[in-house]
Structures are given as C-alpha cells and as structure tokens.
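Scroll down for the structure; my scribbles are underneath it.
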Amino acid sequence: MKEFSWLIPFFPFLAGLFIIFITHKNRSLSAFTSIGGTAIAAIYSFILLFNQIANPKEVFESSFNWIQIGDFHLDIGILLDPLAIIMLALICTVSLLVQIYSHGYMQTDKNYARFFSFLALFTASMLALVISPNLFQVYIFWELVGLFSYLLIGFWHKKETAANASFKAFIINRVGDCGLLAGILLLAFITQSLWPEQGFLAFSALPKVLNELQQNNHFLLEGFLSLTVIGVLILMGPMAKSAQFPLHTWLPDAMEGPTPISALIHAATMVAAGVYLLARLFPFYSIVPHGLEIIALIGAFTAIFSALIALTQNDIKKALAYSTCSQLGYMVMCIGLGSWVGAIFHLVTHAFFKALLFLGAGSVIHSCHHEQDMNKLGGLASKMPITHATFLLATLAISGIPPLAGFWSKEQIIKAAWEAGPANLTFILAIITTLLTALYMFRIYFKTFGGQYKGDSHDLPHESQKSMTIPLIILAIPTCLIGLIGTPLNILGGNHFAKFLQPLNSENHLHSGGFEIFMEPSAILALLFSIIGVFLSVSIYKNHFPVNKSFKESMPWFYQLSVNKFYIDEIYMFAWNKCLSPLIGIIYLIFDKTLLQDFLPKFTKYKMQFGTWFMSRSAQSGQIQVYLNVFLFSLIVIIFFFIIPVFDTASQIN
C-alpha cells in the first residue's frame with residue numbers, strides 16, 4: 001500500500017487543478033472538491049500511521065532515475081518513515097479542519113473558488129515536501145510551498161498592505177532559499193564521489209556518507225571549513241521558512257492574509273517545514289563544527305526576542321504571529337540541544353493549539369465585523385461561549401499548564417536545556433520565555449474576552465456559525481489529549497511518541513519513568529515560571545492592581561522598543577536605502593551602464609569596422625600574387641588538418 005502513497009499529495013493537487021479549470025464558477029462544488037481531496041489524503045495518511053504503529057521498524061523508500069548525465073543522476077520518489085508519516089497525518093488533519101472552517105469564514109468573498117484552489121495546491125506542495133527522499137526533491141516542493149504561500153498571503157491583493165506583505169514574505173524567503181540552494185549544491189559537490197550510487201543527496205545515504213567524511217582525514221583537512229559554510233547556508237532556508245531571527249519579519253506581516261491562512265501557515269505547514277528539514281538533517285549538523293550550538297543559540301534568541309515583542313502588540317493576529325515565532329524558536333533550540341524528537345513532539349502539539357488559537361481569533365474577528373484591535377474588543381466570554389472556552393484551553397496549553405498538551409512537549413524542551421547546564425544561556429533564555437509566554441497569552445485572553453465589550457453597542461457580536469465552531473471543538477480535543485502520547489507516565493504505557501520515532505532516533509533525550517517527572521528541577525521550574533506568568537497577567541490585565549502598571553506606563557522605554565518590534569524593519573530599510581541601494585546603483589553605473597551598455601557595444605562595433613576595413617584593404621588588393629599566396633596557404637591547412645589524418649587512420653587499419 002505504501003508504494004501508492006504518492007496519491008496523498010496527488011489528490012489535493014488534482015483538486016486544486018480541478019477547481020481552476022472546471023468548478024471555479026460553482027462555489028459549493030469548489031469547496032467540496034478541495035475538502036474532499038484533502039479528506040481522502042487524510043484517510044490515507046491515517047491508514048499509513050496505524051500501519052506504521054503495527055510495524056514500527058518498517059521504512060519504505062522508492063525512487064526512480066529522472067535525469068542522468070554520466071555518473072550524475074537525479075532521482076525522485078517517496079520516503080515513508082515514522083517522521084514523514086507523522087507529518088503527513090498532522091498536515092492533512094490541520095488543513096482539512098482549516099478548509100471546513102474556511103467554508104464559513106470566506107462565504108461572502110467573491111473569489112471563494114480561487115481561495116480553495118490555492119489551499120488545495122498549498123496542501124499538496126507541503127505533503128509532497130515531507131515524503132521527498134532527497135534534498136533535491138525537497139527543494140522543488142520547498143519553492144512551491146513558498147509560491148502558494150505568497151499567493152495566499154496576498155489573496156486580497158487589491159489591499160495595499162496585503163500586497164506588500166506577500167511581497168515581503170516572498171523576498172525574505174528568497175534570501176533564505178538562495179542560501180539553501182547554495183548549501184545543497186556545495187554539499188553535492190564535496191560528496192558526489194562518495195555516494196553516487198545512492199542518488200543525489202538522498203536522506204537514506206546521509207549516515208553512511210557522514211561516516212565516510214569522518215574517516216577520510218585527508219578530506220577533513222579542508223572539509224570542516226566546507227561543512228561549516230554548508231551548514232550555515234542550508235540553515236538559512238529553515239531560518240526563513242520557520243521565521244527565525246533575523247529572517248523573521250515576514251511572518252507577522254503575513255497576518256494581512258485571510259485568518260484561515262494564518263492558521264494553516266503558522267500551525268502545521270509552512271513554518272513547520274524548516275523545523276522538519278533540520279530534524280531530517282540532524283545527523284549532518286551533529287558533525288558540523290559548532291553547527292548544533294549555532295542552531296540552539298538562534299532558536300533561544302528568537303524565542304525570547306519574539307516573546308518580548310508579543311507583550312505589547314494590540315492586533316490579536318500579530319500577537320499570535322509573534323507567539324508562533326517564539327514557539328518555533330523553542331523547537332529550533334531543542335534541535336540544537338540534540339533532542340530533535342522533543343522538537344518534533346512540540347511541533348505536533350503546537351500545531352493543534354496554535355491552529356485553535358488562530359481559528360478562535362478568526363471567529364472573534366468575523367463576529368466583531370473584522371475588528372482586530374484588542375483595545376476595541378473585550379467582554380466576549382458570554383457572547384461567544386464556544387469560541388471563549390476553546391480559546392482558553394489553547395491559551396492554557398501554550399502556557400504549559402498541565403495536563404494539557406503544551407506542558408508535556410514544552411517540559412521536554414526545558415529538560416533538554418537543563419541537561420545542557422542550568423547556567424547555560426539557552427536554559428536561562430528558555431525558562432524566561434516560559435514566563436513571558438504565559439504573560440502575553442493571558443494578556444490576549446483578558447483583553448479579548450474579559451471586561452466589557454468596547455465596540456459598537458448597536459451591533460453586538462455573537463457566536464460564529466457551526467462550520468466555524470465545529471473545527472474549534474475538534475481541535476480542542478487534541479489540544480487537551482495529544483500530549484499524552486509523549487508523557488513518560490508508566491500508567492499510560494510510557495512515551496509512545498519516542499518509541500514511534502525510535503528507528504530514526506539513536507539518542508534518547510526524553511524521559512523514562514513515572515510521576516517522578518513532576519519532581520525534576522526542570523519540570524518544577526517550567527511549571528513555576530508558567531504560573532508566575534499567569535499570575536502577573538491576571539494582576540495586570542484583569543485585576544488592574546495599582547502596583548502593577550502596564551508596560552506603557554511603568555517602562556515606557558521598553559514599551560516603545562517592543563511595540564515598534566525593536567525597529568528591525570526600520571534597520572533593514574535604513575541599510576537598504578543608505579547602503580545596499582547606493583551600492584547597487586554604483587555597480588549598475590560602472591558595470592551595467594558604462595561597461596555592458598556603452599563600452600562593449602561600441603568596442604564591438606569599432607572592432608568589426610576596423611576588421612572589415614583591414615580585410616578589404618589587405619585581401620582585395622587586386623594583386624594576383626596575393627591571391628595565390630592565400631590559395632596555397634589554405635591548401636596546406638586543408639592537407640595538414642584533414643587529408644593526412646585520413647591516411648594515418650587507413651594505414652593503422654591495414
């Protein structure tokens with residue numbers, strides 16, 4: 001059955017094309033086509049998941065030669081191992097629920113069918129990416145994911161901010177993708193003599209090649225420098241896709257797209273691609289000098305940096321976007337600390353509660369007439385009970401409150417940081433981020449659902465329709481329970497998530513045991529800092545204690561830095577306007593305009609004119625002896641280059 005798993009991305013892809021060319025004039029049929037294609041893919045993915053649980057050591061790989069030039073050949077195919085199957089099930093589940101939700105959210109949009117075609121094609125690209133068996137195929141679908149995310153972010157392209165946001169996302173991701181492509185090509189160049197029989201950059205050949213790299217001392221004399229450069233270049237791709245500092249600025253601006261897109265891109269799909277690729281390449285980064293340390297520091301800094309910005313954002317979607325950046329920083333940091341299984345576990349739990357948060361925010365925005373400023377919301381707990389209850393569950397989960405999903409996955413990340421050393425910078429940043437996460441998430445909750453409604457009293461909000469609330473209820477179930485698959489509690493059979501990934505995981509950084517998890521210092525500190533964050537948020541935003549003034553009043557300098565996102569966009573624009581743009585202008589003036597446009601054409605023109613004049617003067621002289629000399633010289637050249645080699649060949653045959 002696994003040999004037909006290419007049908008999983010094929011069904012959504014076919015649905016997207018079907019909508020574009022056939023059903024685009026029928027709104028209901030277009031939605032049914034997209035949802036149906038994704039539903040079939042989801043069913044197939046869960047069949048593979050249950051089959052993998054029954055046969056945990058089974059790994060299926062199939063590929064065929066696509067292009068071959070001498071010893072060089074490009075292969076395309078399928079890789080189905082525990083990691084790929086988890087990602088398939090996760091992407092299909094979240095995408096299916098988002099599409100059902102979109103049926104209600106986008107109901108009045110005139111480009112309803114086009115929206116569903118983009119959704120289906122985006123889902124297909126992401127599914128094809130995670131089953132790719134080599135880096136070459138990953139890169140192809142990596143670019144397609146970027147293309148369709150650009151179309152979805154800028155879906156309302158007539159809105160200037162949306163058009164600018166999609167362009168910004170496209171450009172920043174191209175910066176990362178250029179680094180990724182350069183790294184892939186360099187890796188292929190230095191390793192092609194070691195693994196041509198395994199295909200071009202195949203993941204299955206990676207451990208073997210890395211072992212040979214370590215054993216070939218003559219190669220490692222220059223190889224370590226090469227590996228470091230390659231590691232940094234490849235890392236640029238995940239940094240852009242997973243919004244890691246300093247390539248993170250596109251993600252908050254991407255909130256200009258429809259809210260279902262925010263949930264899809266920021267939960268389990270596009271931003272997860274970077275974390276997924278780093279997990280795939282973990283064996284490579286484990287031998288890159290300082291590779292894992294660089295990854296850990298980038299992730300830890302992104303986590304706390306984004307959390308500090310989220311503290312002051314008033315747009316509900318942008319606050320959640322910076323929350324996504326922060327949680328992705330946790331995952332990247334965890335990979336850098338050597339526990340890629342813990343990072344993937346948090347990716348899974350985060351996908352559900354972050355999708356729930358974004359869809360809950362969409363429900364609020366839809367009900368409040370597209371109002372996103374939290375200062376103009378409030379008092380929605382009684383008016384939107386289902387949205388309120390599910391949003392509160394997701395807020396508790398992301399804050400790391402037990403027994404919800406976020407507690408179990410986040411505790412494993414804190415555990416990995418603790419094992420690196422309590423005084424280690426990554427642990428300090430991670431534990432502070434835990435407090436900040438609870439603080440800004442309950443700030444969002446209280447400003448949106450607490451207090452009194454601050455909007456127009458003549459048009460009060462109400463609960464959203466069933467096509468929007470049913471996905472919220474469904475997502476609330478894994479938000480509460482999905483973390484139990486990764487708990488070390490013996491009464492639940494131990495850590496099933498780690499056991500599932502065991503064929504790919506040579507080192508076990510996760511817990512084993514029972515309730516002693518709650519007695520470990522890392523778990524105690526993680527829970528303690530989460531509770532402190534919740535208490536501070538309640539004090540500041542619910543009870544309004546006089547002692548605890550808001551950041552704007554108590555720390556105006558910090559508030560200005562945070563609300564302006566530490567002026568990163570302004571720094572980029574200054575660097576572009578004052579440095580890069582003038583430099584490009586100088587390069588254009590010297591090389592393009594002066595050399596290519598002016599000098600070379602004129603030089604070629606004068607050279608041709610001079611050559612024509614010289615040849616006509618020397619060859620067409622009217623003297624018979626000159627013509628005879630040219631004839632004899634040409635005859636000698638013909639005899640020397642053409643006739644003599646023929647006689648030599650004939651004599652050798654005889």
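Among the helices (runs of 4 or more DSSP H) confined wholly to the stretch 357-464, which include 1 or more residues that are within 29 Å of Thr108 (Cα to Cα)? Explain how you work it out, then say what you get.
Numbers: elements: 385-398, 405-419, 425-449.
Fully inside the stretch 357-464 and qualifying: 385-398, 425-449.
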- line: Of the residues in the stretch 152-167, those that are part of a helix (DSSP H, G or I) and either in contact with a His (Cβ under 7 Å, 6 or more places away or on another chain) or buried (at least 20 other Cβ atoms within 10 Å of the Cβ) (or both) come to Leu152, Ile153, Ala162, Ala163, Ala165, Ser166
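Filter the stretch 228-243 for residues that are touching a Leu at 6+ places or on another chain (Cβ under 9 Å) and assigned to a helix (DSSP H, G or I) and give the result. Working first, answer last.
Taking the stretch 228-243 as the starting set, the residues that turn out to be touching a Leu at 6+ places or on another chain (Cβ under 9 Å) are 229-231, 233-243.
If the condition is that a residue be touching a Leu at 6+ places or on another chain (Cβ under 9 Å) and assigned to a helix (DSSP H, G or I), then Val229, Ile230, Gly231, Leu233, Ile234, Leu235, Met236, Gly237, Pro238, Met239, Ala240, Lys241 are the ones that fit.
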- prompt: Taking the stretch 2-32 as the region of interest, how many residues are open to solvent by 10 Å² or more (accessible area, probe 1.4 Å) and not in a helix (DSSP H, G or I)?
  reply: 4
task: Could you please let me know if Tyr322 is under 16 Å from the mean Cα position of the chain (by Cα) and under 24 Å from Glu160 (Cβ atoms)?
output: yes
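Name the residue that is nearest to Leu561 (Cα to Cα), counting only residues in the stretch 291-304 that are open to solvent by less than 20 Å² (accessible area, probe 1.4 Å) and not aliphatic (A, V, I, L, M). Talk me through it step by step, then tell me what you get.
Step one: list which residues in the stretch 291-304 are open to solvent by less than 20 Å² (accessible area, probe 1.4 Å), which gives 291, 295-296, 299-300, 302-303.
Next, only the ones that are not aliphatic (A, V, I, L, M) stay: 291, 299, 302.
On the way: Gly291: 31, Gly299: 21, Thr302: 16 Å.
Selected residue: Thr302.
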statement: Scanning the stretch 305-325 for residues that are in a helix (DSSP H, G or I) and of a type outside the set (A, V, I, L, M, F, W, C), the one most open to solvent (accessible area, probe 1.4 Å) turns out to be Lys318
query: Ala89 versus (1) open to solvent by less than 80 Å² (accessible area, probe 1.4 Å); (2) closer than 19 Å to Leu144 by Cβ; (3) part of a helix (DSSP H, G or I): which is the lone unmet condition?
result: (2)
message: Among the residues that make up the stretch 134-153, is at least one of them modelled with pLDDT under 90, in contact with a Leu (Cβ under 7 Å, 6 or more places away or on another chain) and not hydrophobic (A, V, I, L, M, F, W, C)?
response: yes
- line: Of (1) within 30 Å of Ile540 (Cα to Cα); (2) aliphatic (A, V, I, L, M); (3) touching a Phe, Trp or Tyr at 6+ places or on another chain (Cβ under 7 Å), Ile335 satisfies every one except (1)
- line: Within the stretch 365-383, of all residues that are in contact with a Phe, Trp or Tyr (Cβ under 8 Å, 6 or more places away or on another chain), open to solvent by less than 10 Å² (accessible area, probe 1.4 Å) and of a type in the set (A, V, I, L, M, F, W, C), the one farthest from Ile477 (Cα to Cα) is Leu377
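Whether any residue in the stretch 102-119 is under 20 Å from the mean Cα position of the chain (by Cα), surrounded by fewer than 24 Cβ atoms within 10 Å (Cβ to Cβ), not in a loop (DSSP other than H, G, I, E, B) and not basic (Lys, Arg) is what I want to check. Give the steps one after another, and end with the answer.
Of the stretch 102-119, the ones under 20 Å from the mean Cα position of the chain (by Cα) are 118-119.
Remaining after also requiring surrounded by fewer than 24 Cβ atoms within 10 Å (Cβ to Cβ): 118.
Restricting the remaining residues to those that are not in a loop (DSSP other than H, G, I, E, B) gives 118.
If we keep only those that are not basic (Lys, Arg) as well, we get 118.
Looking for residues that are under 20 Å from the mean Cα position of the chain (by Cα), surrounded by fewer than 24 Cβ atoms within 10 Å (Cβ to Cβ), not in a loop (DSSP other than H, G, I, E, B) and not basic (Lys, Arg), one finds at least one in the stretch 102-119, hence yes.
Based on this model, can you work out whether Phe170 counts as aromatic (Phe, Trp, Tyr), under 14 Å from the mean Cα position of the chain (by Cα) and in a helix (DSSP H, G or I)? Write out each step before concluding.
Numbers: aromatic (Phe, Trp, Tyr): yes; under 14 Å from the mean Cα position of the chain (by Cα): yes; in a helix (DSSP H, G or I): yes.
Judged against the criteria, Phe170 is a match.
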message: Can you list residue pairs whose Cβ atoms sit under 6 Å apart, with the first residue in the stretch 28-41 being of a type in the set (A, V, I, L, M) and the second being open to solvent by 20 Å² or more (accessible area, probe 1.4 Å)? Count only pairs 6 or more apart in sequence or on different chains.
response: Ala31/His103; Ala39/Leu96; Ile40/Phe11; Ala41/Phe11
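The values are calculated or read from the model by the stated rules, or taken from the named source; none is laboratory data. Everything numeric in this text was worked out from a predicted model, so none of it was measured. Cβ atoms come from the backbone with ideal geometry, glycine included; neighbour counts cover every protein chain shown. Just so you know, the surface numbers come from the protein's heavy atoms only, side chains and all, with ligands and any DNA or RNA stripped out. Shrake-Rupley method; radii C 1.70, N 1.55, O 1.52, S 1.80 Å.
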